[in-house]
1. In degrees between 0 and 90, to the nearest 10, how far off the longest principal axis of the chain does helix 746-758 point, with axes built from Cα atoms?
2. Going by the alpha-carbon gyration tensor, a ≥ b ≥ c the square roots of its eigenvalues, is region 304-353 rounded (a/c under 1.5) or, if a/c is not under 1.5, prolate (a/b greater than b/c) versus oblate?
3. Given a 1.4 Å probe, how much area per residue of region 140-272 is accessible, in Å²?
4. Expressed as a fraction of 2.2 N^0.38 Å, the rule-of-thumb size for a compact globular protein of N residues, what is the C-alpha radius of gyration of region 238-319?
5. For the pair Leu450/Arg660, report the inter-label distance in nm, with labels modelled 7 Å from Cα in the Cβ direction.
6. Using the C-alpha gyration tensor of region 763-861, what are the square roots of 5 times its eigenvalues, in whole angstrom, with the largest one first?
7. Sort Leu535, Leu351 by accessible area with a 1.4 Å probe, largest first.
8. Provide the solvent-accessible area of Arg898, counting protein heavy atoms only and rolling a 1.4 Å probe, rounded to the nearest 10 Å².
Amino acid sequence: MGPDAVTTSPRPPRKAHLPAIGPRLRILLNVVLGLLAVIGANSAYLAAITFLEWGFGETYQNWLYQWMFLVHLVLGFVFVAPFVVFGVVHMLNTKNRKNRRAVRVGYALFVASLVVLVSGGLLLGLRATNTGARTPLLTQATYWAHVAAPLVAAWLYWLHRLVGPKIKWRMGMTYAGVVAAAIGVMVFLHAQDPRHWNAKGPEEGKQYFEPSLARTATGNYIPADTLMMDNYCKKCHADVHAGWEGSSHHFSSFNNPAYLASVRETRLVSLERDGSVKAARWCAGCHDPVPFYSGAFDDKDYDDVNHPTAHAGITCTVCHAITHINSTKGNADYTIDEPIHYPFAKSENTLLQWVNNQLVKAKPAMHKKTFLKDFHRDAEFCSSCHKVHLPKELTAYKEFLRGQNHYDPFLLSGVSGHGARSFYYPPQAKESCASCHMPLKDSADFGAQLYDDSGRLTVHDHLFPAANTGLAWLKDRDDMVEAHAKFLKDITRVDIFGIRDGAGIEGTLHAPLRPEVPTLEPGRSYLLETVIRTLKLGHLFTQGTADSNEVWLDVTVTSGNRVIGRSGGIDPAKGKEVDRYSHFINIFMLDREGNRINRRNPQDIFVPLYNHQIPPGAGWTVHYGFALPADVTEPVTVNVKLRYRKFDAEYMRFVADKARPGDDPLRGHVAGEPYVDELPIVTMAEDEVTFPVAGSAASIAAAADRKIPAWERWNDYGIGLLIKGKAELRQAEEAFAEVEKLGRYDGPLNLGRVYFEEGRVDEAAAALERAATHTAPAAPPWTVAWLSGLVNRQQGRLDEAEASFRKVLEDRTEEMRKRGFDFSKDYEVRNLLGLTLYDRASQFRGADAAEARRAVLEEAARQFEMTLLLDSENVAAHYNLQLIHGQLGNREKSDEHRMLHERYKLDDNAADRAVSLAREKYPAANFAAEMLVIYPLQRPGAPELPEEGATADGQAVSGEIEGEIGGGARDEVVDEVSVVPQARPEDGAGS
């Protein structure tokens, strides 16, 4: 080989070309792309609905959406394996390719795709375990990662394919167009939302439910099993379910022995009188919704013990499937719809039930929309059953009699922030009934939320703590008895305020008792002045079944070990009945023959003999007379308790007597033996004071101060006198004068009420001027304006009166906004504005003033119409609209309101006979019904009073004073005015 020869080394063998996607891998790629195409369309649909919801602030998810989401989850899990296998093999095949940019983009694409899959799984886990509720920031970050990662992946895929085969844009655009068109149609259908929400049920359906005002959204029945899914709810809401399970809502129906006895009688009376039990539907709309809406209730042979629906009560679904509150008339005036459930909700297959549960947890928006509406938080929702009237179909007497009414007293109270005429106002208004009766409690429920700044997950207590200790005890739920008893503490107060020399209200008053206490003289007579004050109630006390609720003052006077005075004792010889000469906070309700409504028999309710309910933020003064025995040598101790028992002994005897074979045993009662009322008694409030006795060598400890401001004790005492009517106005005046001396605006403000009630209008005006000068604290300007309007109107200064009433209704000060006050809803003040405008219209006389007169009349009518928006049964509004439309020439409207006024007004003439008969039948109630009552503490025969403690002059006596109770009613309803926020005169016991 020559010197110039070139030597070449052998080349290394070329590596076999490894395609990025081989034949078998391409099959897998086609599977991945096919799944991706379906997932893409599915995701685009889900995203479109989400954007629709964001845009309109509504929930449009429905049953189809849940199926599509289920498909999304299934496809997502199916997609994982082929995608990961394809991605790993593809990356191994291309790891050494020279186009490093394409390789790096491929890696990024794989990571972005993994983020999509992992974030989806993590998001499902966060929602399925409720961890998301505890870590909202993590949940949001995961959600947005799941939303953004697919967009990043699509961009990376485009970059990755720039070095590969061209993208088939025509095929892609065709696919996108078809998907977009399909989604557009589906979104349009979603936006129509076929559910019958926020609308009253059809008229043709009312025939199945009258005389209850309830409706279904379709007008048809609802299957019972749909309404009885409480155990389904329990899986995510265990703590809520536990509260409901022991609640009065759960035991509202035939599973409540007290209600069972009553409704059986109502059904029997209806069947014998009308040939059907349809009149008893009035009860069923609220008490027995499951048999009612499923149609079983109408069966005259309905088995109220063994039928599957008999023990359902008010279920979770019943309340939460309500879609509209038709009005605030009560009597179940709501519309309920058969709820739409997620797939497999009623499946008995364990796996499918699990799938259903995960769907609910992962996508709860439809569930929330179906079962939780904004009105569930409102008092108007509660009004649908906690306000009732008695229709003619039930009573066979009159189209309308008022029954129980929680709603209007709450609305017109200072507690709600809507009543401008209250004696006291809270720092912050309570927005609804739930503010008190559904307190938050810690919970590990899936449905628990962060409701406040505590950082703790909580739920609203569905026990609805209130006062039904009796039912809880009968159902053997002592834990619930304790919960209700705890709730009842500190909502009222009792105060032994003072003591008067002598046996009458004219004697010298020693008050307030403590720290100073007078020395009593043996052999002399005294009058104890006690005050009951409502502190934390937003409605009348007592309320609900006010005819059978047993709330009374229990008074014991002792000297050493000797009982020398007693009222409110319990008589074991009469089945533990409370002394009938006690002071009861109740309604003594009568039927047309003057018999007491003592069986919860609503079909017979007619008129009250007396009404001792106390408004929220008010007081009631009770007088007790006693003579101190001449031989007393030890200090005298007076103990006063405000006591409560859910049902009185008379009613419970009826319940026991009406029990049938096969009924659940009545706790505490042996069949065939006389009934003894063992229902728990709760001491709601207590006070005690010890008096030294003249001539006694015994010493007593210095009396502790009550820790209640003296002005407030005087004020409560005065309110308790004023609220009872005209009999004790002079004593009320003296009390409020003391409040004024102590530097509080309440003194002159309430003196203004007293003076106006007595017709001393100029003095009332002067008192209001003094009240308005106070600044630390200042008098509520809305209350001053209301009273000023009354005074101005009485003085004939109609322009000033109109301005005052408008100030109440239209002012929106910064303080009012901060405290949640809005007095535009005080329809009693609005009626006063309407009356003032009506009076003003009469000042325009002659043809020249006709147009001005008409304008003022129309404005007056507008005010009364606004009242009817809040209280469609308002007697005064209908009466005045009848007059106004008559003067405006609107004969048809005038006749309409005349008929409505006739329907809603009281039948005073018919009531006289019943009251007269009752006064003869019930001496104790007759005594308590007088305008001035002094309860004896030494009445012969009083339970728990030793015979030697009774005195001949300890007989029950009361003073009957000429005149009327209340606010000076005149000849026409149009002019009925009272300065006291009290129970409306038509209020009855209800159901």
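1. With rounding to tens, the tilt is 60 degrees.
2. In terms of gyration-tensor shape, oblate.
3. With the other protein chains kept in place, region 140-272 gives 53 Å² per residue.
4. With N residues counted in region 238-319, Rg over 2.2 N^0.38 Å equals 1.09.
5. Modelled inter-label distance: 5.5 nm.
6. Over the Cα atoms of region 763-861, the semi-axes work out to 29, 17, 9 Å.
7. Leu351, Leu535
8. 100 Å²
The values are calculated or read from the model by the stated rules, or taken from the named source; none is laboratory data. Bear in mind the structure is a predicted one, so any value in this text is a computation, not a measurement. Using ideal geometry, Cβ is built from the backbone for each residue, glycine included, and neighbour counts are taken over all protein chains shown. For the accessible areas, the whole protein counts, side chains as well, though only heavy atoms, and no ligand, DNA or RNA atoms are used. Shrake-Rupley method; radii C 1.70, N 1.55, O 1.52, S 1.80 Å.
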